[in-house]
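Okay, so here's the structure we're looking at.
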Amino acid sequence: MLNRRLIPSFQRPPSRVMIRRAASYEQELGTLIYESLVEFALPVKDKVVLLKPNLVGPDPLGVMNTHPAVIAATRESFLRLGASQVLIGDGPAMDRDTEAILESVRLREFVGPLPRIFVDLNIDDVERVPLATKASRLKELYMPKTVLGADLVVSMPKLKTHHWAGVTLSLKNMFGTVPGSCYGWPKNVLHWAGIDNAILDINAAVKPDFAIVDGIVGMEGNGPIQGTPKACGALIFGDDPVAVDATCCRVMGLLPERIKYLAAAGTMLGHINVDKIQQVGEAVVALRSKFAVLKEFSALSEAA
């Protein structure tokens, strides 16, 4: 169900983004996530769903990766909605030992045996995808067949700042779908092509159908690995990942139109303008928590 159509924002209907309050990972997340998904009436019955969390590296303290409690509750919710299969997949960029990352975040404890559930996208079989965009110098991408074959792809990032891109949210999270076996670690070919432009090309090729952002505890400062944990108490949902990321920025006290790749994505992949986003659930102001950024990104802050 991957949507590869590039549609100018003025031709798109308004997007809907839901913010839900979630104080901790220990609370019962299953009902909250299930009820939130029901509101979007996603066509998942008898479909294959791929959850794409943000698994950057070994994280025994649980501060830089999508929390396994959120992943597990989301998986159970999609199964409850009638999905025939719900896979979890990622291609970590910073560490080749994906198994060590999974053990460090205790994913097995939350979702059960992994061999039939988890797909290491770094080493999955691939298929050539020509690029509709020309944002970077790349003309094509070799993408995992598991991603291309899923009926619904769900980007599940952590709410974090990023030392090169400003923020890493639903769109940047799709870097993890690009296989390291083809593009190296930490996906060097994409960085050489320009990180902002590569984000656009990847999402034009394999734009996720839905996004769920783990903002219960995010990361500020020198993210995505060496930043400081930041409690925010939010889960953010939407079927327009661009609108979801713009809303996340506003929750973080940042201006989405000043983030290079997000501003560009707002012209062809989704909405960033607040008047084109129908906000449901909690109001942005109710959960806004100003995230610190590196000095070179100070202009992103609302007060700048």
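Near Lys260, which lysines are there with a Cα under 25 Å away, not counting those fewer than 8 places off in the same chain?
By straight Cα distance, Lys260 reaches Lys52, Lys134, Lys139, Lys158, Lys160, Lys172, Lys187, Lys207, Lys230, Lys276, Lys290, Lys295.
Using the basic label-point model (7 angstrom from Cα toward the beta carbon), what is the Tyr25 to Asp97 distance in nanometres?
Placing both labels 7 Å beyond Cα along the Cβ direction yields 2.0 nm.
Which of the three applies to region 134-292, rounded, prolate or oblate, going by the alpha-carbon gyration tensor with a ≥ b ≥ c and a/c under 1.5 meaning rounded?
The shape class here is prolate.
Please tell me the relative contact order of region 157-251 in percent, rounded to the nearest whole number, where contacts are Cα pairs under 8 Å and at least six residues apart.
Relative contact order for region 157-251 comes out at 34 percent.
For Val153, which sequence-distant residues (separation of 5 or more, or a different chain) have an amide H within less than 5 Å of its own amide H, given hydrogens modelled in the peptide plane?
Correct list: Leu50, Asp209, Phe210.
Could you give the alpha-carbon Rg of the chain over 2.2 N^0.38 Å, rounded to two decimals?
Cα-based Rg divided by the globular estimate yields 0.89.
Name the residue, out of Thr228, Thr247, Thr177, whose mean-square fluctuation peaks in a Gaussian network model built on the chain with Cα pairs under 10 Å.
The residue that fluctuates most here is Thr228.
What is the antiparallel percent of DSSP beta bridges lying wholly in region 9-300, to the nearest 5?
50 percent
So, R0 is 30 Å and r is the distance between the beta-carbons of Ala286 and Ala263; what FRET efficiency does that work out to, to 0.05?
0.70
Summarise the accessible area of the chain (1.4 Å probe, protein heavy atoms) by the percent that is carbon and sulfur.
Reported share for carbon and sulfur atoms: 52 percent.
Multiply the residue separation of Glu302 and Arg12 by 0.36 nm, subtract the distance between their alpha-carbon atoms, and state the gained length in nm to one decimal.
Roughly 101.7 nm would be gained on extension.
Express in % the proportion of alpha carbon pairs of region 67-176 at distances exceeding 24 Å.
Counting every Cα pair in region 67-176, those more than 24 Å apart make up 30 percent.
How do Lys52, Lys230 stack up against each other in accessible area, from largest to smallest, with a 1.4 angstrom probe?
Reading off the accessible areas and sorting them downward yields Lys230, Lys52.
If you take the square roots of the eigenvalues of the alpha-carbon gyration tensor of region 230-292 and sort them as a ≥ b ≥ c, do you get rounded (a/c under 1.5), prolate (a/b over b/c) or oblate?
Oblate.
The values are calculated or read from the model by the stated rules, or taken from the named source; none is laboratory data. Computed from a prediction, not measured in an experiment: that's the story for all the values here. Ideal geometry is used to build each Cβ from the backbone, glycine not excepted, and the neighbour counts take in all protein chains shown. All accessible areas refer to the heavy atoms of the entire protein, side chains included, with ligands and DNA or RNA removed. Shrake-Rupley method; radii C 1.70, N 1.55, O 1.52, S 1.80 Å.
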